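The values are calculated or read from the model by the stated rules, or taken from the named source; none is laboratory data. On a predicted model such as this, the values are computed, not experimentally measured, just so you know. Virtual Cβ from ideal backbone geometry, glycine too; neighbours counted across all protein chains shown.
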Amino acid sequence: MPVESDSRPIIEIRNLDKFFGAFQALADVSLTVNAGERVVICGPSGSGKSTLIRCVNRLEEHSAGELIVDGVELNDETTNIRAVRMEVGMVFQQFNLFPHLTVLENLTVGPIRVRKISRADAEDRARKFLERVHIPEQADKYPAQLSGGQQQRVAIARSLCMEPRIMLFDEPTSALDPEMINEVLDVMVELAGTGMTMVCVTHEMGFARKVADKMVFMEDGRIVETAPPEQFFENPSSRRCRMFLDQILDH
Amino acid sequence: MSGATRSRKLMKRLHWVDFLIMAVLAAFFLYVWLQIEGKLNYIWRWDQIPNYLFFYDERTERWTANVLIQGLITTIRISIYASILALILGVILGIARTVTNLTVRMLARTYLEFLRNIPPLVVIFIFYFFLSEQLIAAMNIEDWAYGVARQEDNDVWEFFFGDMRRFPSLISGVIVLALFESAFVGEIVRAGIESIGRGQREASRSLGMSWLDETRFVVMPQALRKVLPPLANQFISLIKDSAIISLISVQDLTLKTVDLANSTAMIFEAWLTTAALYFTLCFSLSLFFRRLEARGKSAH
Ligand SMILES: Nc1ncnc2c1ncn2[C@@H]1O[C@H](COP(=O)(O)OP(=O)(O)OP(=O)(O)O)[C@@H](O)[C@H]1O
Ligand SMILES: [Mg+2]
C-alpha cells in the first residue's frame, strides 16, 4: 500500500563510481529517490550497499559521478556538508550509541549542539520520540543497560530527534537476536507510515514487501535491478536476483 | 599425584634459592655497613633528623616545618600544578597526533621524538633557559612576585605558592616539568583517542556535528575515562621526575636534601629520609589510585 509520494526527487545519484585504492566498490550507479519514497536495497555481501548509502551523507566520498541530496550537490567543493547531514539521519548495524551518555543525552546532544535548540526543548522532543519507539521508561539508563533491540530503537530515535527529511538504514536488524528483530521493524514500519523518505539496506523481505515503493538489487558494485516490489518479488528480470531471492527467502 | 610431588620438589628447590639470595643480600648489606662504620668512621646521628622535619619555633611557640618538610611541600605543590598544566598540554598534543592535518601531526610527532631522544637533564636545561626564563622575564613575573611578597595580607598567595620571593623559580619548575611530562601524557591521550571506535565518529558526523563537537562531546569524554589509570601512574612518575628540577635551583625536596647533606654532613641519614618521604608519597598515591580503580570497576 504505497502512500502517494510527491514526485520531487530528494536524492539523485548519477553514474556514481567509488574506488577504495584500486578496488572499485561502486560502478556507474544511478538511482533517484523521491521525497516520501521508501527504497529497499538488497544484495549479497560486499556488493556495495553500505558504500552507496554512506555516500549519501558523505561518510564516504564518491570518486566520480554526480550526487545531489536535498538540493545540494555533494562534492569536494561542498562547504555545508553539515547542513546536509542534519537532514539525513543514519541508523547503523552496530547502533553506535554514545556509551558515556544516558539514553536521553544520546537523543539531545545532536539537537542541542547542532540544531542549537534549548535543553528543555531538546528533552521534550527526545521524550516524544522515545514514546514513538516505545521505550519512554528507559530515558535515564545507559545504552549498555538496554537490550540490542532497545538500543537500536534508541538509535532510530536519536536520528529522528534531528527531524531529518531522509532516513538511511544500514542493515539495522542484522546485529540483533532473532526475537528482537520485529520490535525494530515495527518501529520502522510505523515511521514509513508518517511519510518519511527512507532508504533501507536490509534482507528482511517481509518488511520490504510491507513498506517498499522501490526495490533495488545490487551485485559487484552495480545496480542490477530496480523494480516495484510486486514485480521484484514475483518476476525479477535478472537470473542473479532470482537466485538471491530464492536463497534468502528459503530460510 | 605426580603433579603434587613435582610441586613439592619445586618448593624445596625454591627454598634453597631463596636461602641463597637472602644470604647474598645479607652479606652485601653487612659489607656496606662495615665500610661505613669501620673504614669511613661514620657517626650516625639519626636523632638529629626529626629536627629537620619539624622544629619548635620559640618565637611563635609552634611546631613549624623545617627544610625537609618545606622541600616536600614544594615538591607536592609543583607536582600538582605541573600535572594540571601537563594534562592540558597533553590533551592538545594527543589530539594533534590524531588529526588529519599533516603539518599539525608532524609538529606533535617532532616534539615527542625530541623529548624521547634527548636525555631528560638536557631537555630540562633547554626548556629552562630557552622557554621558562624568557617567559618569566617577558611577563615581568619577578617584580610582580616581589610586590606580592611585600604586601601584608598575602596569606592566600603563600598558601598556594609558598614564599612569594621564590615564586619565579617555582613557576619555572612547573613550566619545565609540565613541558617535559606533556609528551608522555600526550601519548597516553592519543592511545585513548585511538581506542574509540570509528562508529562513534561516524554517528556524531551523521548527526551533523562538527569535528570540534565530536571531539569534545563524544570522543574525549570516552577516551579520557579509558586512560585514567595510566594517567594516574603518569602523575606518580611526575612526582619522581620532579627531583630533576632541583638542578634549576627550585627549592624542592631533593635540593633541600642536597643542602642539608652538605651543611650537616649527615649524608646517609638525609638521603635515606628523603627516599622514605618520596616512597611514602608515591606508594600511598599508588595504593589510593589502585583502590579507586578497583571501585570504579566494581561499580560498572
Ligand atoms: N574503507 C574501505 N576500504 C577498502 N575497501 C572497502 C572499504 N569499505 C568497503 N570496502 C570494500 O568495498 C566492497 C563493498 O563494501 P560494502 O560494505 O559497501 O558492501 P555491503 O554490500 O554493504 O556488504 P555487507 O552486506 O557485507 O555489509 C567490499 O568488497 C569491501 O571490502
Ligand atoms: Mg554493509
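Which one of these is within 16 Å of ligand 1 (Cβ to nearest atom), closer than 19 Å to A:Pro164 by Cβ and either without any contact (Cβ under 8 Å) to a residue 24 or more places away in the chain or over 15 Å from the mean Cα position of the chain (by Cα) (or both): A:Ile13, A:Ile81?
Values: A:Ile81 fails: within 16 Å of ligand 1 (Cβ to nearest atom).
Exactly one of A:Ile13, A:Ile81 is within 16 Å of ligand 1 (Cβ to nearest atom), closer than 19 Å to A:Pro164 by Cβ and either without any contact (Cβ under 8 Å) to a residue 24 or more places away in the chain or over 15 Å from the mean Cα position of the chain (by Cα) (or both), namely A:Ile13.
Given the options A:Met167, A:Met188, A:Met196, name the one that is in contact with a strand residue (DSSP E or B) (Cβ under 9 Å, 6 or more places away or on another chain), more than 16 Å from ligand 1 (Cβ to nearest atom) and free of Cβ contacts under 8 Å to residues at least 40 places away in the same chain.
On the way: A:Met167 fails: free of Cβ contacts under 8 Å to residues at least 40 places away in the same chain; A:Met196 fails: free of Cβ contacts under 8 Å to residues at least 40 places away in the same chain.
The match here is A:Met188.
Can you name the residue in the stretch A:122-149 that is of a type in the set (A, V, I, L, M) and not in a loop (DSSP other than H, G, I, E, B) and, of all such residues, is farthest from A:Arg82 (Cα to Cα)? Quick ask: steps written out before the conclusion?
First, the residues of the stretch A:122-149 that are of a type in the set (A, V, I, L, M): A:122, A:126, A:130, A:133, A:135, A:139, A:144, A:146.
Subset that is not in a loop (DSSP other than H, G, I, E, B): A:122, A:126, A:130, A:144.
Working: A:Ala122: 19, A:Ala126: 21, A:Leu130: 25, A:Ala144: 29 Å.
Only one residue fits best here, namely A:Ala144.
For the stretch B:36-55, give me each residue that is at pLDDT below 85, surrounded by 10 or more Cβ atoms within 10 Å (Cβ to Cβ) and not aliphatic (A, V, I, L, M).
B:Glu37, B:Tyr42, B:Trp44, listed by residue number.
A:Thr173 versus (1) within 13 Å of the chain's Cα centre (by Cα); (2) within 16 Å of ligand 1 (Cβ to nearest atom); (3) within 14 Å of chain B (Cβ to nearest Cβ): which is the lone unmet condition?
It is condition (3) that A:Thr173 fails.
Could you grab me the full set of residues in the stretch A:124-145 that are of a type in the set (A, V, I, L, M) and surrounded by fewer than 20 Cβ atoms within 10 Å (Cβ to Cβ)? I'd like the intermediate steps shown before the answer.
Residues of the stretch A:124-145 that are of a type in the set (A, V, I, L, M), as a first pass: A:126, A:130, A:133, A:135, A:139, A:144.
Selection gives A:Ala139, A:Ala144.
Could you check A:Gly193 against (1) more than 14 Å from the chain's Cα centre (by Cα); (2) crowded, with 16+ Cβ neighbours inside 10 Å; (3) small (Gly, Ala, Ser) and say which number it fails?
(2)
Under 6 Å between Cβ atoms, which residue pairs at least 6 apart in sequence (or on different chains) link something in the stretch A:44-71 that is under 22 Å from B:Ser210 (Cα atoms) and within 14 Å of chain B (Cβ to nearest Cβ) with a partner that is part of a helix (DSSP H, G or I) and away from ligand 1 (no atom under 15 Å from the Cβ)?
A:Asn57/A:Arg85; A:Asn57/B:Ser206; A:Arg58/A:Ile81; A:Val69/A:Val84
If a residue has to be in contact with a Lys or Arg (Cβ under 9 Å, 6 or more places away or on another chain), more than 7 Å from chain B (Cβ to nearest Cβ) and free of Cβ contacts under 8 Å to residues at least 40 places away in the same chain to count, how many in the stretch A:95-115 make the cut?
Final tally of qualifying residues: 2.
How many residues does the stretch A:36-74 contain that are assigned to a loop (DSSP other than H, G, I, E, B) and closer than 17 Å to A:Phe20 by Cα? Steps first, please.
Step one: list which residues in the stretch A:36-74 are assigned to a loop (DSSP other than H, G, I, E, B), which gives A:36-37, A:43-48, A:57-63, A:70-71, A:74.
Subset that is closer than 17 Å to A:Phe20 by Cα: A:45-48, A:58-63.
So the answer is 10.
Would you point out which residue out of B:Glu293, B:Glu269 is over 15 Å from the mean Cα position of the chain (by Cα), crowded, with 16+ Cβ neighbours inside 10 Å and either at pLDDT 95 or above or more than 14 Å from chain A (Cβ to nearest Cβ) (or both)? Working first, answer last.
Details: B:Glu293 fails: crowded, with 16+ Cβ neighbours inside 10 Å.
After applying the criteria, what remains is B:Glu269.
Assess whether A:Phe92 counts as being facing chain B (nearest Cβ under 9 Å), buried (at least 17 other Cβ atoms within 10 Å of the Cβ) and within 16 Å of ligand 2 (Cβ to nearest atom). Please lay out each step first, then the result.
Numbers: facing chain B (nearest Cβ under 9 Å): yes; buried (at least 17 other Cβ atoms within 10 Å of the Cβ): yes; within 16 Å of ligand 2 (Cβ to nearest atom): yes.
The answer is yes for A:Phe92.
Which ones in the stretch A:27-66 are among the polar types (S, T, N, Q) and either touching a strand residue (DSSP E or B) at 6+ places or on another chain (Cβ under 6 Å) or away from ligand 2 (no atom under 16 Å from the Cβ) (or both)?
Initial filter on the stretch A:27-66 (among the polar types (S, T, N, Q)): A:30, A:32, A:34, A:45, A:47, A:50-51, A:57, A:63.
Passing the criteria: A:Ser30, A:Thr32, A:Asn34, A:Ser47, A:Ser50, A:Thr51, A:Asn57, A:Ser63.
May I ask you to say which residue of A:Pro164, A:Pro229 is under 14 Å from the mean Cα position of the chain (by Cα) and crowded, with 17+ Cβ neighbours inside 10 Å?
On the way: A:Pro229 fails: under 14 Å from the mean Cα position of the chain (by Cα).
Just a single option satisfies the conditions, and that option is A:Pro164.
Per-residue answers, yes or no, for (1) modelled with pLDDT under 95; (2) β-branched (Val, Ile, Thr); (3) away from ligand 1 (no atom under 16 Å from the Cβ):
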position: A:Thr32; (1), (2), (3): no, yes, yes
position: A:Phe92; (1), (2), (3): no, no, no
position: A:Asn96; (1), (2), (3): no, no, no
position: A:Thr102; (1), (2), (3): no, yes, yes
position: A:Leu107; (1), (2), (3): no, no, yes
position: A:Gly110; (1), (2), (3): no, no, yes
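Given (1) away from chain B (no Cβ under 14 Å); (2) within 8 Å of ligand 1 (Cβ to nearest atom); (3) basic (Lys, Arg), identify the lone condition not met by A:Arg8.
It is condition (2) that A:Arg8 fails.
State the number of residues belonging to the stretch A:150-168 that are within 16 Å of ligand 2 (Cβ to nearest atom) and either more than 12 Å from chain B (Cβ to nearest Cβ) or assigned to a loop (DSSP other than H, G, I, E, B) (or both).
Residues meeting the conditions: 1.
List every residue pair whose Cβ atoms sit under 8 Å apart, with the two residues 6 or more apart in sequence or on different chains, where the first one lies in the stretch A:139-159 and is closer than 11 Å to A:Asn106 by Cβ and the second, anywhere, is among the hydroxyl-bearing types (Ser, Thr, Tyr).
These pairs meet every condition: A:Ala139/A:Thr102; A:Lys141/A:Thr102; A:Tyr142/A:Thr102; A:Ser159/B:Ser206.
Just give me the residues in the stretch A:59-69 being surrounded by 17 or more Cβ atoms within 10 Å (Cβ to Cβ) and touching a helix residue (DSSP H, G or I) at 6+ places or on another chain (Cβ under 8 Å), in sequence order.
Within the stretch A:59-69, A:Leu59, A:Glu60, A:His62, A:Leu67, A:Val69 meet the criteria.
Identify all residues within the stretch A:34-58 that are within 10 Å of ligand 1 (Cβ to nearest atom) and in contact with a helix residue (DSSP H, G or I) (Cβ under 6 Å, 6 or more places away or on another chain); write none if there are none.
Going through the stretch A:34-58, the residues within 10 Å of ligand 1 (Cβ to nearest atom) turn out to be A:41-55.
Selection gives A:Ile41, A:Gly43.
Just checking, which of B:Leu72, B:Leu87, B:Leu131 is buried (at least 18 other Cβ atoms within 10 Å of the Cβ) and over 22 Å from B:Pro229 (Cα atoms)?
Working: B:Leu87 fails: over 22 Å from B:Pro229 (Cα atoms); B:Leu131 fails: buried (at least 18 other Cβ atoms within 10 Å of the Cβ).
Step by step, each of B:Leu72, B:Leu87, B:Leu131 is checked, and only B:Leu72 is buried (at least 18 other Cβ atoms within 10 Å of the Cβ) and over 22 Å from B:Pro229 (Cα atoms).
Considering the stretch B:182-201 alone, what residues qualify as being in a helix (DSSP H, G or I), crowded, with 18+ Cβ neighbours inside 10 Å and not hydroxyl-bearing (Ser, Thr, Tyr)? Spell out how you get there, then give the answer.
So in the stretch B:182-201, the residues in a helix (DSSP H, G or I) come out as B:182-194, B:198-201.
Okay, now just the ones that are also crowded, with 18+ Cβ neighbours inside 10 Å, so B:182-190, B:192-193, B:200-201.
If the condition is that a residue be in a helix (DSSP H, G or I), crowded, with 18+ Cβ neighbours inside 10 Å and not hydroxyl-bearing (Ser, Thr, Tyr), then B:Ala183, B:Phe184, B:Val185, B:Gly186, B:Glu187, B:Ile188, B:Val189, B:Arg190, B:Gly192, B:Ile193, B:Gln200, B:Arg201 are the ones that fit.
Just to be sure before I move on: is B:Glu142 touching a residue at least 24 places away in the same chain (Cβ under 8 Å), over 23 Å from the mean Cα position of the chain (by Cα) and surrounded by fewer than 23 Cβ atoms within 10 Å (Cβ to Cβ) in the structure I sent?
Values: touching a residue at least 24 places away in the same chain (Cβ under 8 Å): yes; over 23 Å from the mean Cα position of the chain (by Cα): yes; surrounded by fewer than 23 Cβ atoms within 10 Å (Cβ to Cβ): yes.
So B:Glu142 passes the test.
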